[in-house]
Amino acid sequence: MEFGVKISVIGCGYLGAVHAACMAELGHEVIGVDVDQSKIDVLSDGRAPFFEPGLPEILTSAIATGRLRFTTDMSEVADAEVHFVAVGTPQTKGSYAADLTYVDAAVDALIPHLAPGTLVVGKSTVPVGTAARLAEKVAAGAPQASLAWNPEFLREGFAVQDTLGPDRLVYGVPAGDAGERATAQLDEIYAVALAADTPRIVMDYATAELVKVSANAFLATKISFINAMAEVAEATGADVTMLADAIGHDVRIGRRFLNSGLGFGGGCLPKDIRAFRARGEELGLGESLAFLGEVDAINLRRRDRMVELTRESLGGSLKGKKIAVLGLAFKPDSDDVRDSPSLDVAARLLAEGALVTVTDPEAIETAKRVHPELAYESTVSDTVADADAVLVLTEWKQYRALTPEDLAGAAGTIILDGRNCLDRDLWRGAGWTYASLGRP
């Protein structure tokens with residue numbers, strides 16, 4: 001059977017596993033490498049180690065065709081033509097800066113196996129200047145290989161779709177002939193997307209690195225902007241949802257990412273804006289990115305406000321109150337609880353003496369590893385049984401569709417909408433006390 005380009009993907013976490021499976025789905029021959037044997041075993045069985053719609057199906061089909069396999073042995077990538085580095089760049093302990101330990105370790109381990117003409121492609125989100133430094137490392141260790149930077153723009157819950165049909169392709173390449181060769185190699189890999197007229201933008205390393213972090217910074221800023229307006233709306237009696245609808249009609253602003261609520265979380269936006277700000281300080285550009293500190297602060301204040309709103313709704317004290325929390329993942333269609341506003345609020349309510357029972361369609365097991373002290377239930381009905389108040393904190397479609405009849409087992413009739421995703425008139429019309437962030 002004829003395959004496309006021989007590819008390795010170094011790092012088989014969220015980004016790497018999705019990228020490896022999707023590249024195989026596109027017809028390339030892919031080997032995924034990770035140091036975690038248990039993760040490799042799960043992936044080799046065609047199972048995803050995290051929840052992502054569509055991923056188990058393409059894992060299974062790609063493995064069955066022989067186009068995809070996984071290993072812990074880096075030497076097995078020696079015959080690959082293109083090597084994608086997709087390891088994590090978490091926030092450094094005690095600092096906002098990105099931890100590049102895993103990126104450097106991956107490149108160091110890869111260099112002895114780079115054949116002449118091969119291309120190393122960075123996918124990880126890194127501080128500007130990282131690619132140039134790594135290019136020097138590759139040039140010193142494998143002079144006939146080269147490096148490109150190809151940032152990812154995945155949305156959790158839509159990662160397969162975003163990889164197979166991206167909204168744009170960004171190539172950060174070196175100047176001259178090496179850049180032309182790198183561009184041609186990447187074009188061969190992404191031939192299907194390019195045939196579908198996906199925009200392709202070729203640029204230098206620094207610009208490619210900035211594309212990713214500035215995109216995340218802009219999205220975070222837009223979310224925090226509408227949440228700042230929610231704070232103003234709460235103080236003045238205005239309705240932030242109607243405000244967002246009105247300003248969203250302006251094509252220069254747009255309605256997307258103007259949903260006020262509990263704010264953003266996950267493994268990307270929070271740590272990426274903090275790392276971007278830290279890099280700005282290193283470059284002597286602290287004032288240019290200082291606004292990201294306020295973006296972060298506004299976002300975190302939403303969690304404080306949700307706890308406060310719950311306390312107010314229950315008469316001023318949470319002690320001994322039974323509270324049901326619907327939603328633990330940082331967003332729907334994901335089991336990711338990294339920096340999850342929903343899970344953080346649930347834990348804070350418990351710390352204030354409330355009796356907190358929680359549920360989520362996919363994130364119960366991941367949440368238990370972080371906060372085992374919470375009471376977990378697998379169904380909405382069991383979660384809300386005898387609850388004094390019900391909080392909807394992650395906007396899963398099944399929670400958006402809830403009716404008062406679905407919560408008949410609750411002891412109280414207080415529902416707090418942390419995502420402004422429920423029909424306010426429906427709940428109030430049924431006699432419930434409805435409250436949300438930024439709406440009267």
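Just a few scattered comments:
- Over the stretch 234-328, the reciprocal of the mean inverse Cα-Cα separation, the Kirkwood hydrodynamic radius, stands at 16.4 Å.
- Extension gain for Phe257-Ala105 works out to 51.1 nm (0.36 nm per residue, less the C-alpha to C-alpha distance).
- Dimensions in Å of the stretch 368-440 - Rg and Dmax from alpha carbons: 12.5, 39
- Spin-label model, Arg133 to Asp187: label points 7 Å out along the Cα-to-beta-carbon direction sit 3.3 nm apart.
- The GluC sites (Glu not before Pro) found in the stretch 269-328 that occupy coil by DSSP, while having at most 11 further C-beta atoms within 10 Å, are Glu287.
- Exposure proxy order (Cβ contacts within 10 Å, fewest to most) of Val325, Val337: Val337, Val325
- Working from the Cα coordinates of the stretch 218-436, the gyration tensor eigenvalues give, after taking √(5λ), semi-axes of 30, 21, 15 Å in decreasing order.
- Ascending count of other beta-carbon atoms within 10 Å, so fewest first, for Asp177, Asp245, Asp239, Asp417: Asp177, Asp245, Asp239, Asp417
- Calculated mean residue ellipticity, 222 nm, the chain: -13000 deg cm²/dmol, from DSSP H runs (n ≥ 4) at -39500 (n - 2.57) each, averaged per residue and rounded to 500.
- In this label model, Ala196 and Ala78 are separated by 3.7 nm, measuring between points 7 Å along each Cα→Cβ vector.
- Trypsin sites (Lys or Arg not before Pro) restricted to the stretch 11-118 and DSSP loop, no more than 10 other C-beta within 10 Å: Lys93
- Rounded, prolate or oblate (a/c below 1.5 giving rounded, otherwise prolate when a/b exceeds b/c) for the stretch 6-203 by Cα gyration tensor: rounded
- The eigenvalues of the Cα gyration tensor, multiplied by 5 and square-rooted, give the chain an equivalent ellipsoid with semi-axes of 43, 24, 19 Å from largest to smallest.
- For the stretch 47-75 and the stretch 159-173, distance of Cα centres in Å: 19
- Once the Cβ-Cβ distance of Leu283 and Val232 is raised to the sixth power relative to R0 = 51 Å, the FRET efficiency obtained is 0.95.
- Multiplying the residue separation of Ala206 and Val370 by 0.36 nm and removing their Cα-Cα distance gives an extension gain of 55.4 nm.
- Against the chain, whose longest principal axis comes from its Cα atoms, helix 291-313 is set at around 30 degrees.
- Exceedance of the 25 Å cut-off in Cα-Cα distance is limited, within the set Lys222/Lys397; Lys271/Lys321; Lys6/Lys331; Lys319/Lys397; Lys93/Lys321, to Lys271/Lys321; Lys6/Lys331; Lys319/Lys397; Lys93/Lys321.
- Backbone N under 15 Å from the Met242 label point (7 Å along Cα→Cβ), restricted to the stretch 424-440: 424-425, 438-440
- In percent, rounded to a whole number, the relative contact order of the stretch 218-436 is 18, using alpha-carbon pairs under 8 Å and six or more apart.
Here, each number is a calculation from the coordinates, and none is a lab measurement. Everything numeric in this text was worked out from a predicted model, so none of it was measured. Cβ: placed from backbone, ideal geometry, glycine included. Neighbour counts: every protein chain shown.
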